[in-house]
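Written out below as structure tokens is the structure these notes cover.
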Amino acid sequence: MAPTGDPLVYAITVACSSGTYVRSLAADLGRHLGGGAHLRALRRTAIGSFTESDATSVEDVVLAPAAVALRDYPRVEVGAAVASAIAHGKAMTRHDLVVDGDGPWAVVDREGVLLAVYEVGFTAGVVRPAVVLASAG
């Protein structure tokens, strides 16, 4: 915590995971200090690997490819045969999709286009689509 010039106002930086309630953290801090506290300003400076340097003004917004939004997910590149099965929403074995770990996985084609997001299935050794973007043409 750093003083701001006002003896009752502090500036803090919090590095936390998704789902952390920073407003509750401020209230808890105030309670532990023997009074109350609230947030005067709250600014998110990063989420995952996206930081303020990735931000643009509303006027300069350009839609990035969907795969960019999932750049923090483990990435799996697949060929045409597997891409066709994915377009039909097929569940697969971990071996067929060539994945390990807990997922979820961003599944892309050879050009890097996002086809689907796969996650652990309900059956051991099986992964299933959480969302499919590829069309079964």
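The values are calculated or read from the model by the stated rules, or taken from the named source; none is laboratory data. The shown structure was predicted, so the numbers you read here are calculated from the model rather than taken from an experiment. Don't worry about glycine lacking a Cβ; one is built from the backbone with ideal geometry, like all the others, and counts go over all protein chains shown.
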Exercise. Which of the residues belonging to segment 74-103 are under 17 Å from the mean Cα position of the chain (by Cα), at pLDDT 95 or above and under 24 Å from A136 (Cβ atoms)?
Worked result: R75, V76
For this session: Search segment 115-133 for residues being of a type in the set (A, V, I, L, M) and assigned to a loop (DSSP other than H, G, I, E, B), and hand back the single one that is farthest from the chain's Cα centre (by Cα).
Result: A124
Exercise. Which one of A106, A66, A87 is in contact with a Leu (Cβ under 9 Å, 6 or more places away or on another chain), among the small types (G, A, S) and touching a residue at least 60 places away in the same chain (Cβ under 8 Å)?
Worked result: A66
Exercise. Does V108 count as crowded, with 19+ Cβ neighbours inside 10 Å, aliphatic (A, V, I, L, M) and at pLDDT 95 or above?
Worked result: yes
For this session: Find all pairs meeting these conditions: Cβ atoms under 7 angstrom apart; at least six residues apart or on different chains; first residue within segment 36-50 and outside the structural domain of A26 (by TED's automatic domain parsing); second residue among the charged types (D, E, K, R) and surrounded by 11 or more Cβ atoms within 10 Å (Cβ to Cβ).
Result: G48/D72; S49/R71; S49/D72
Exercise. Within segment 58-65, can one find any residue that is under 16 Å from V131 (Cα atoms) and of a type in the set (V, I, T)?
Worked result: no
For this session: Go through Y73, Y10 for me and flag whichever is surrounded by 11 or more Cβ atoms within 10 Å (Cβ to Cβ) and over 30 Å from V108 (Cα atoms).
Result: Y10
